[in-house]
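Here is the structure we will look at.
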Amino acid sequence: MSRFDEVIERRGTHAVKWDGLKTVFGREDVLPMWVADMDFKAPDEVSEAIQKAAAHGIFGYTIVPDSTKEVIVNWMQSRHHWSVQKEWLLFNHGVVPSIGAAVEALTKPGDAVIVQPPVYNPFFEMIERNERKLVHNELLLKDGRYEMDFADLEEKIQTEKAKMVVLCSPHNPGGRVWTKEELTTLCEICEKHNVYLVSDEIHADLTREPNKHLPAASLSERYAAFTVTLVAPSKTFNLAGLQASALIIPNKDIRTRLQKVFARQGQFTLNQLGIAGMEAAYRHGSEWLEEALDYIQENARLVKEYAEKNIPSISVMEPEGSYLVWVDCRSLGLPDKELLDLFLVHGVALGNGAKYGPGGEGFMRINVACPRATVEETMNRMKKAVESL
Ligand SMILES: Cc1ncc(COP(=O)(O)O)c(C=O)c1O
């Protein structure tokens, strides 16, 4: 028995995944397989660090200490072989707000910003709500695996005079861990056309051999000079509610521009429990993470094997990284809302593929960072749903 087999009641803890079901799906009696957090307890050391901070009883203003910066530098070195300097680090309460801040800092209203759908939908919102032009460089689906369309990217950068590309690396929802060749080609194109790269690497730690995450900015100092890399312990150790994330920006001019945006927002630091949790996770979490990755990999495999055997009309993309499984339901021939409802009435709330933009239609996303029994029950319900057609 693994520690991750424990089914923990999350209702009543303000967990959007569970307590948001009624608002978003109109019913609560379903398995929530949508929001990308884990139904696992974080490493004990994280809870202990937070309890220690809470026991002190004074919750005044904070500074992010050097020790937090050091653990991030060490983590990047040991896990991703990237030598980051402490001065390159800025902090913010979330990766999504940092994307918004980068858009605001480095582009002007009306400028084109490119994304690669199907992709995590808040990318669209951060671009459009900042009144920039959202431009899609759709991924290509080849033999059940996504690839980047570089010809289309270069053409769109030129025709739209794009100023920025927002990369999702590893990719949510497609599960791709981009290779060195792919990242190099992307960065060469950005460099050639003077385009900033915002690399959202929030899923970076959730990969394992033979798939190796490479921070785009670590591939060359030339690429680092135009890249904003966004990292966080939130996906890795299930700390999203602590709202602590970091930006790694080697280029001083870019860093200063981001700092000005944060200053305009009155945003200078992290909350005390976020600092405690983030530091403890990066300092002590490796062993927990390896165990979690083993468990998640088995869950993803279970989904694939179950579907191949019992629901052959859907096709499961086993992720190369992270815990989101992308399921091709196009052969069922249902419009997206009906597809979502089909699974919902059979007791499963899934991520609706259409919301991830062009190319996501007819797909569903399953979060498998939960006890195995929940994954098994999800698959049983999905089978019944498809059989009911
Ligand atoms: C690619 C990606 N970026 C960002 C986030 C959310 O980041 P944050 O909660 O730090 O804003 C998610 C969450 O699912 C994600 O998948």
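The values are calculated or read from the model by the stated rules, or taken from the named source; none is laboratory data. Predicted model, so just to flag it, every value in this text is computed and none were measured. Please note: Cβ atoms are built from the backbone with ideal geometry, for glycine as well, and neighbour counts cover all protein chains shown. Surface areas here come from the heavy atoms of the whole protein model, side chains and all, with no ligands, DNA or RNA. Shrake-Rupley method; radii C 1.70, N 1.55, O 1.52, S 1.80 Å.
Filtered by the rule that a residue be within 16 Å of the ligand (Cβ to nearest atom) and open to solvent by 60 Å² or more (accessible area, probe 1.4 Å), segment 97-138 gives GLU104, TYR120, GLU125, ARG129.
Among all residues of segment 153-165, there is none that is small (Gly, Ala, Ser) and within 16 Å of the ligand (Cβ to nearest atom). Whenever a residue of segment 101-115 is acidic (Asp, Glu), its partners that are part of a helix (DSSP H, G or I), lying with C-beta atoms within less than 8 angstrom and at least six residues away or across chains, give the pairs GLU104/VAL261.
Of the residues making up segment 139-151, one or more are surrounded by fewer than 21 Cβ atoms within 10 Å (Cβ to Cβ), modelled with pLDDT of 95 or more, outside the structural domain of ARG365 (by TED's automatic domain parsing) and in a helix (DSSP H, G or I). Of the conditions (1) more than 16 Å from the ligand (Cβ to nearest atom); (2) in a loop (DSSP other than H, G, I, E, B), HIS213 fails just one. Which one is it? Against the list (1) more than 16 Å from the ligand (Cβ to nearest atom); (2) in a loop (DSSP other than H, G, I, E, B), HIS213 comes up short only on (1).
For segment 347-386, the set of residues classified as assigned to a loop (DSSP other than H, G, I, E, B) and open to solvent by 60 Å² or more (accessible area, probe 1.4 Å) consists of GLU361 only. Among the candidates PHE268, PHE226, single out the residue that is open to solvent by 20 Å² or more (accessible area, probe 1.4 Å), at pLDDT below 95, in the same structural domain as LYS156 (by TED's automatic domain parsing) and away from the ligand (no atom under 15 Å from the Cβ). None of the other options fit; the residue is PHE268.
The combined condition, being open to solvent by less than 30 Å² (accessible area, probe 1.4 Å), among the polar types (S, T, N, Q) and out of contact with any helix residue (DSSP H, G or I) (no Cβ under 8 Å at 6 or more places or on another chain), is fulfilled by ASN172.
Residues that are within 16 Å of the ligand (Cβ to nearest atom), under 30 Å from TRP326 (Cα atoms) and out of contact with any Phe, Trp or Tyr (no Cβ under 8 Å at 6 or more places or on another chain) do not occur anywhere in segment 62-80.
The residues on offer are ASP39, ASP29, ASP5, ASP19, and the sole one that is exposed (fewer than 15 other Cβ atoms within 10 Å of the Cβ) and closer than 30 Å to GLU290 by Cα is ASP5. Identification of helices (runs of 4 or more DSSP H) wholly contained in segment 233-340 with 1 or more residues that are of a type in the set (D, E, K, R) and farther than 17 Å from LEU89 by Cβ yields 234-237, 252-265, 286-310. Applying a threshold of 6 Å to beta carbon distances and a minimum spacing of six or more residues, or different chains, the list of pairs starting in segment 236-263 at a residue that is within 19 Å of GLU87 (Cβ to Cβ) and ending at one that is aromatic (Phe, Trp, Tyr) reads ALA246/PHE91; ILE248/TRP88; ILE249/TRP88; PRO250/TRP88. Residues in segment 242-265 that are open to solvent by 20 Å² or more (accessible area, probe 1.4 Å) and within 22 Å of HIS203 (Cβ to Cβ): LEU242, GLN243, PRO250. Being touching a Phe, Trp or Tyr at 6+ places or on another chain (Cβ under 8 Å) and more than 16 Å from the ligand (Cβ to nearest atom) is the filter here; which residues of segment 319-342 pass it? Passing the criteria: VAL327, ASP328, CYS329, ARG330. Across segment 42-71, which residue is least open to solvent (accessible area, probe 1.4 Å) among those that are among the aliphatic types (A, V, I, L, M) and touching a Gly at 6+ places or on another chain (Cβ under 7 Å)? It comes out as VAL46.
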